[in-house]
Structures are given as structure tokens and as C-alpha cells.
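Values quoted throughout were computed directly from the atomic coordinates according to the rules given, and no laboratory measurement underlies them. A quick note: this is a predicted structure, and the numbers were derived from the prediction, not measured. Please note: Cβ atoms are built from the backbone with ideal geometry, for glycine as well, and neighbour counts cover all protein chains shown.
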Amino acid sequence: MNLLAPLFLLGLGAVALPLWLHRLTVQSPEREAFSSSMLLEASEQRIHLRRKLRYLLLLALRVSLLILLALAFAGPVIRFPARMVENTSTVLHLVVIDNSFSMQAGDRFSKAMSEARSVIEEMQPGDGCSLILAGAATTFLADNESDPAVLVAALAALEPGDGRLDLGALMATLDGIVSETRDDILLHLISDFQASGVPARFSELVPEQDGERRVGLRLHPVASGLEGNRFVSQVRRDQGELEVSVRSRADGPVEVHLSITINGENRQELSKTQEGEGEILFRFPDQAFARGDNRVTAELLPEDAWSGDNRYHAVIDNSDLKPVLLLTTDPSSRAVTYLETALATGLTDYRAEPVRIADLDPRILQRYAWIMIEDLGAVNGTLATALIGYLENGGAILAALGEHTLTRAVLPVGGQAVAASGFNSMVTEGRMVARIDTSHPVLKQGASWRNVNIANMFVIQGGADDRGLVFMDNGDPLLLEHRRGSGRMLLFASSLDNTWNDLPVHPVFVSFLSEAGIFLAEEDSLERQRLAGSSLVLQQAGYASGQVIDPEGHTILTLADTRLSQEIPLNRKGFYQVYTPGRERLIAVNTDPRESEPVIMSEAAMQAWQDAVTGRKADDSAAISAPAETADLPIWEWILVLLVIIALLESLLGNAHLVYRAGS
């Protein structure tokens, strides 16, 4: 027999207390002088003997009570050979296999399969095993299965995917599994352990433990050393020219060959020498595109060990540009130039169509999905009435304020009270953009507004139909949204000619104008470039129904399924076709560039991870799954039962003793 807490045996010293008390009690009675005993009935000596026996039994019960109490606290266990003990604790093996894109490199995934089969073969009788595939999503292949044949069969026909593995998100998922399991757990992670997948906080790699079970971690790395890699990182169009970026994560110069294909046609191939790590840019001039969406594929030649990222897919939209009416007092002004350039640079579906306010026929307003006004203060009464009707019928306006507004107390169209404020003084006072409503669709790049310098602006008193979007540090709105009927208007409280502010020369101006066009025209927000493992939600893109076809030509969403399927996983690289009422769109899906980074976790980092999870040296985590030569059978529960019985007997006997003494 062994004791888990032998120091509690010091409590046996308390046995001396009942021994001392009973010695005081069992004393000879005092003798008293008596005149004669002739008339007294003789008594038997056995009465004294019975009384003495009852005291000794009570003493024995009390001593036993104290001994058993100390023994129970000491935690006694009886050690047997493991084969003699039934129902010994089992271990649940959580085998997590990385199937992210980086596992396609070399023979990493085949090594991962070999590691998984080895873990299954080393399982002890009675142990369970859950097989988990981890990449862009976490998938259970088997749940707490103890049959090795079933587990090996579940590994058949597996292959790496195109998504990304975030180790922090993976451990958060496994944390929930660990908390719901009562058995000891040995977690096996089979991966290449890319450094790009490690979270910023190390604590996110360690699951919470409640002490009810042992949790061990065993890492199975399948990538050795630092492997070089080159991959296509971006494809973009600049007018009739294609620009392709190639990133290198390898040492030494190498000749890089790059070819482009447009709509299935091989167009051109270029070669450049790349010196070590860094990025080089290939330019393919004079490329003709078809109307609408174009499928563009850039490919590195020849293929390297990371062949999956040698191809990059892009969608080039060459649809006819839709005109946007630009109302101005001077079509040659700098504000008009900035607006025209921003629309062209932002690769939007629109082109500015400047029209002098004095020459405008208000009846043509309904032809335009949205319009721009250089200076809202220049709008006359007749045009203001027409613009109000245009808004109420669902039109949209982007307006700025200029010198013509200086004579206005109330703005046309919106009716807001306005006053010039701080002209030529705001810069000296250190005024700046302070608050930005980044939840609004036109402010996705809202943080960059803080770098805009504002010298002159108007103070606008917004009404019930106005919502402030960008505010100065004194609370004055710089950009607000006005609603009227079913239409909307974005109002900028300064000019767009780079005199009162420098917004037109900031990069945020291009993105703002692009997002404003999508918002005002109420177009779909379908992103044309996606990462493998992301999801497509047609409802969020502005469509109530649609059909989706994957790169292999399989229909993964039909019109009838739209109401049921909320998210469509984009798990494969290539071009997805999206058919919606009245329109066909293409989506290009590529791997996350972080999956192409060849740097892996250091051995020291992996060792620290194992130690943090197991709570001791990682080599000792093998003890969780190792077959036990002996097994401990705890007996303190039985001692507690016996303790309760003796306590009851002691109480009954002690009470009888008190009654006997009272009646004697």
C-alpha cells in the first residue's frame, strides 16, 4: 500500500487524547464508612467487569475513528499489476493533420500521412482517436474511434487543400474539444508549422486546462530546414498594360520566366534575373481585352517545389464605362481634373462627363445612376428643384462646397444651414480630422482620412435626415450623408480643387471615390479577387438569388439552393462563375500569400509550445499514452464508509454509557 499524502499520518498523535481521558474515567470508586452490611443484599462482581468492558469498547471505537480519519486524509492506494485492474483510464488521441496549401510543397503531405498512421499503430488497447483535418476549415474525419482499421481507412484519398492554416484559430477550436472530454488527451499536431501561421500572442497556442484530466502535446514537423520559394503575388492592369509582381524567398540570382494567358490564349512570355529575396515587376504592354470580364493567368516557368503558387488568377473587368454627370461652373477647373483622374485611376466602371450648370437640361438627370456637383452653392433654384425630384425618385449625388457657397446661408437641395468657418486660420489652430465612422461603406479606408489637412471648410448644421461620417476635432462634420425620399447624397464641407484642403492629392481620395460610386449607385459589392478558404455570401453582395460554378465546372449553388445556403466556400484556386439575375460575374481565387512563405517555426519555439501545454518537459508527455506496468487502486473511499459506520457506533455506545452512569 502507498500513501499519496503521508504527512497526514502525523494526525495519529491525536490517539493519545482518548487514551488519557479513559484512564481518568476508569478509576476505582472511593470507599465510604458504613455501620453494618447485614441487611444489604449481596452484589455480584460481574457488574464491575461489564462496566469496564463497555469502557474499553468505547475507547477502541474512538481510537479507530482517529486512526481511520488520519489514514483517509493520507490517501492510501494499493498498487497492482496493470493487467489485474479493470477499467483503467484511457487516452483520447486528437490527431490533427494540416492540409493547408503549404503542405503541397515537396513530400510534406505524404510524410504527414505516414506520421498519422504511426500514431494509430502506437495506440494502446482501449484508447480512442479523433482524426481532424485542419486548413481553412476544421473537419472531423473520425470521432473517438478505437478501431485502427477504420482510422486508417479514413486517411485514404486525402490531399492538401488551397487554404491557410492559422494555428491560433486551430487551438481555439481544439480548446472547445478538450473542455468537453473527460479522458486524458494527447494532442498530435502534424504540420509544417509555418511561422506565418503563428499568432502574435503565444498564449493563444495553449489551451485552457481545468485539472480534471492530463493534456499532452506532441508536435510532428514534416518540413525540414529553410526551403526557397518564388511565387506570383499580384496581377493588375494599368490602362492597356498588365503588371505582374513576382516575389522571391530564396537566396542567389535566378532567371525567372513568366508567361501570361488571357481568356485561354497564350499572349506573351518575358524573362528577368532576380537577385535573391525581394520583388520584381514584369510589364506586358499593349494587351487587348474583350468586353466584360477577362480571365488572366500569370505563370512562372519552370515550376519549382511549390508549384501551386506559380500560377496567379486575376479578373480584369473591361466593361464599357458608364457616364457620371459632373455639374460644374468651369469644365476646365482643377476640381474637375481631380475627379476625372480619380475615377480613371480607381479602375471604376464610371467616367466623368462634365457639364456646365448653365447649359444643363434638368430632364436628363434621370439617365444617370449618380451625379457629382463641384460646388453645391452654384446650383440655382430651378436646378435645385430638379435635383430634389431626382433624389426623391432614387437618385444619388456626391457634392462639395466651394466659393459659390460663401454667399449661402442655406444649402440648396439638402436645406442645411451653413456658415463659413475658420478660413485661413484652421491650420494655425492645429485643427484635424478626429472621428471617422468606418462602419459606413464609403469609409473602408477611413483611417487614412486622419492624414488629410483641412485649411478651410463650412460649418453645416445637420438635420434629422443627415448622418455625420467624418468629424473634425471640434465636432464639426466634414462629410455627411443626407437622405431624401429613396435617394441619398454625400456632402463634403470643403472644396475639391486642392486649395482649401489636400484630399484630392491623397491616395484615400481614389478609394473614397470608388467606394462612393458603388454606394451611391447601389451596385453589388462582389469582390473579384478572393483568397482560397474564404466564403461567398450572395445576399451580402446585394443578390437575393444566384448560381455558382466552381473552377472544375461543377455547380455548387443553384437558384433553388440560394435560400438555403448562406455561405459558399471558395476552397479551390481558379475562376468561379457567378450568375445572378441579369448579370454574369467572375471571381478569381488564389492562395493566401502567407502560405507561400517558407520560414518555419524554430525548434526552440516548438519545444516551448509543447512544454507550455504539457506542463513539463515535452518528452514526458509520452507518459500519457505509454502502457502502465502498474495501476493504483484508491481505497480512501472505503475508509470513509468505514469511518461513518464507526462514528455512528461510537455515538450510540457513548450515549448508552451516559444513560448507564446516570441510572447507576
- So Leu12 and Arg351, fully extended at 0.36 nm per residue minus their Cα-Cα distance, gain in nm 112.5 nm
- Please state, rounded to one decimal and in Å, the Kirkwood hydrodynamic radius that the stretch 322-520 gives when every pair of distinct Cα atoms enters the mean of 1/r. 16.7
- Mind giving me the nanometre distance, one decimal, between the label points for Ala604 and Thr407, set 7 Å out from Cα along Cα→Cβ? 7.4
- Message: Could you work out the percent of alpha carbon pairs in the stretch 134-246 separated by over 16 Å, rounded to a whole number?
- Response: 73
- Could you check the simple spin-label distance between Ala169 and Asp437, using points 7 Å along Cα→Cβ, in nm with one decimal? 3.0
- Item | Partners for Lys573 among aspartates and glutamates (Cα-Cα distance below 12 Å; same-chain residues under 8 apart left out) | Asp162, Asp309, Asp550, Glu552, Asp592
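I need the shape label for the stretch 244-299. Rule: rounded when a/c is under 1.5, else prolate if a/b > b/c, else oblate, with a, b, c from the alpha carbon gyration tensor.
Numbers: a/c = 2.97, a/b = 2.60, b/c = 1.14.
Cα axes put the stretch 244-299 in the prolate bin.
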- Task: Write down the percent of antiparallel bridges among all DSSP beta bridges whose residues are both part of the stretch 322-520, to the nearest 5.
- Result: 55
- Message: Students often check this: by mean Cβ neighbours within 10 Å, which of 378-384, 634-640, 63-69 ranks highest, and how do the rest follow?
- Response: 63-69, 378-384, 634-640
- Three principal axis extents, largest first, for the C-alpha atoms of the stretch 309-400, in Å? 60, 30, 19
- Query: Residue separation times 0.36 nm, minus the C-alpha to C-alpha distance between Arg334 and Asp286: what's the value?
  - Reply: 14.3 nm
- Net charge contributed by nearby residues that have their C-beta within less than 14 Å of Asn310 (K/R +1, D/E -1): -2
- Message: Quick check: from the Cα gyration tensor, does the stretch 380-498 come out rounded (a/c under 1.5), prolate or oblate?
- Response: oblate
- For 165-174, 642-651, ranked highest to lowest by mean beta-carbon neighbours within 10 Å, the order is 165-174, 642-651
- Message: Whole-Hz ³J(HN,Hα) for each residue in the stretch 488-496, computed from phi via Karplus 6.51 cos²θ - 1.76 cosθ + 1.60 with θ = phi - 60°, x for glycine and proline: what do you get?
- Response: 8, 9, 9, 10, 9, 7, 8, 8, 10
- Rounded to the nearest 0.05, what FRET efficiency is calculated for Ile549 and Asp317 with R0 set to 25 Å and r the Cβ-Cβ distance? 0.85
- Query: Among 362-373, 276-287, 183-194, 115-126, what's the highest-first ranking by average C-beta atoms within 10 angstrom per residue?
  - Reply: 183-194, 362-373, 115-126, 276-287
- Message: Give me the net charge for the shell around Ser486: Cβ to Cβ below 11 angstrom, other residues only, Lys and Arg +1, Asp and Glu -1.
- Response: +1
- Query: Quick one: if you stick a label point 7 Å off each Cα along the C-beta vector at Ile364 and Glu265, how many nm between them?
  - Reply: 3.5
